[in-house]
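A.B. asks: A single structure is presented below for examination.
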Amino acid sequence: MIRMPGLSGGFVRQGFLLAGLLLVFAISGCTGKESSTLPSSAPGKVVGEVDLDPHVPLWMTHGSLSVVALMKGPTSPDWLPVAQVLFVHPTFPVPFEISQKDVRLTGINFQGPVRLIARLSLESGSTLVASGEYSGSSPVSGTVGGDPVHILIDRKLPSEAGSP
């Protein structure tokens, strides 16, 4: 037993007990797993999750994942890419959030209906691992401030002309 001059044994034991309890609470607070559920509504944001189909090669996760939001412009009937978020070496499923801060075009207010496209790309530079691109099978519809969306990467994109 540790002896401390001027302190009674009960006081020292209570101190150790208190320190132990504080340590337990600190550890449990730091290692607690966050909830994987996404909010049902995020004002000014599109939230969701990108998942990987089992047939997509696992080495593709060493590349980058981009999630692009497309909106119809005020003067254009076409869907234009306006915002993007990028994840390097993603671990699936990947939760994402796109908001006004991710908009790449000036003068665009991020609101209303959007279409989302996820693309997984890898430029390997190696003869052992093939480069490639995979995407969701079609754009996923969502709404800024609406329900979370789910995108499944499940389709290999054709390689560009001139690529090996």
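A.B. asks: Under the Karplus relation 6.51 cos²θ - 1.76 cosθ + 1.60, θ = phi - 60°, what is the ordered set of whole-Hz ³J(HN,Hα) values for region 102-114, x standing for Gly and Pro?
C.D. replies: 8, 5, 9, 10, 6, x, 9, 9, 7, 7, x, x, 9
A.B. asks: Another question about this same structure. Sorting 155, 119, 104 on the 10 Å Cβ count, fewest up front, what's the list? Present the calculation step by step, with values, prior to reporting the outcome.
C.D. replies: On the way: 155 14, 119 18, 104 11.
With the sparsest Cβ surroundings first, the list reads 104, 155, 119.
A.B. asks: Next question, about the same structure. What whole-number distance in Å separates the alpha-carbon centres of region 75-110 and region 131-151?
C.D. replies: Region 75-110 and region 131-151 have Cα centres separated by 11 Å.
We did not get these values from a lab; they are worked out from the coordinates using the rules stated. Please read all numbers here as calculations on a predicted model, not as lab measurements. As a convention, Cβ positions derive from the backbone with ideal geometry for all residues, glycine included, and neighbour counts pool all protein chains shown.
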